[in-house]
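Written below as structure tokens is the structure these notes are about.
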Amino acid sequence: MIEEQGRVVAVDAGSIWVETVRSTACDSCSANKGCGHAVMDRQQAGARARIEVLLDGRVTPELGDHVVIGIPEGALMRGALMVYLFPLVALFVGALAGAGHDLAGVDLSLAGGLAGLLVGFLVNRWYSVNNARNPAIQPQLLRVCISG
């Protein structure tokens, strides 16, 4: 379980909104001086993110409570594969399918690749809309730390 601490900034029916502060782990890395990720991370360190957390009814934190939220590692990996790998694979499959067809001497690999990429994006959109309230892939409230 990947955990993050935050503060409750809004309470809705069945969910809460948690504000977290983006932190960086680049200080502990030995390659942080020459890493492009460290430069990007430094620009966004301290930025605030608001995350909706679905409640299961066991406990309802109040406004201003400090909480720990978490997401299963498997859900994060599946999401990353879906967002990054699936459109890329769809692009290559579309390009290969287009390369296999010839329309009046014109190579259709570019059109096929773009069509595959579009299909990959549309499948991602469909997946995210259909799983928007799926508790298995949503952040979960793990515990309430401190009130106030």
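Since every read-out is calculated from the coordinates, none of them should be taken as a lab result. This is a predicted model, so every value here is computed, not measured. FYI the Cβ positions are ideal-geometry reconstructions off the backbone, even for glycines, and counts take in every protein chain you see.
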Report summary line: At the level of C-alpha centres, the distance separating the stretch 62-87 and the stretch 118-144, in angstrom, is 9 Å
Requested in this report: Could you check the simple spin-label distance between D107 and R50, using points 7 Å along Cα→Cβ, in nm with one decimal?
Outcome: 4.9 nm
